[in-house]
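These notes concern the structure reproduced below.
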């Protein structure tokens, strides 16, 4: 598309084969990440994970791990990883520096006790009252900045309960309802 020289400069100047100390520190502050996976046929899926800051654990400059909890039972991300282990992660700081970090690599799924046997320092309190069903272990292949130009500034707020007029999650996009504020 006419930008091969620019792209080559970007890869030469920005893309790293491992996590720099600054990248590791950045990941340790993040409370959310967006995931990109694809199955063996190339059908893509994107997903979101969140937890307390640092819920994605930096094990070393080449390795990350994050806990997977019981969800809706679809296991789209984990299922894709079993067919195609390539995983893309996008960390975005919406509240402070408004910058992002891409981390791409090869994922492997571990049962909680199996990863803990090789990584005994993993925290047990990754989510209050919940234990991970498994861990995603990522061997980093490349990491690079996501331009801050269009990242909005967001202000964290308290999590509100579900309003009584809001459908349950399972019905939110599938059940007909009236417009907000009308009955």
| task | Quote the FRET efficiency, to the nearest 0.05, computed for residue 31 versus residue 62 with a Förster distance R0 of 25 Å and r equal to the Cβ-Cβ distance. | result | 0.60
| task | Using the 2.2 N^0.38 Å rule of thumb for compact globular proteins, work out how the chain stacks up: its C-alpha Rg over that value, please. | result | 1.17
| message | Contact order normalised by length for the stretch 16-171, with contacts defined as Cα pairs under 8 Å and 6 or more residues apart; what percent is it? | response | 26 percent
| task | Extending each Cα 7 Å along its Cβ direction at residue 18 and residue 146, get the distance between those two points in nm, one decimal. | result | 2.5 nm
| field | Calculated FRET efficiency for the pair residue 45/residue 164, C-beta based, R₀ 30 Å, to 0.05 | value | 0.40
| task | Please find the FRET efficiency linking residue 114 to residue 11, where r is the Cβ-Cβ separation and R0 is fixed at 41 Å, and quote it to the nearest 0.05. | result | 0.70
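Coordinate-derived values only; no laboratory data. What you see is a predicted model, and the numbers here were worked out from it, not measured in a lab. Cβ: placed from backbone, ideal geometry, glycine included. Neighbour counts: every protein chain shown.
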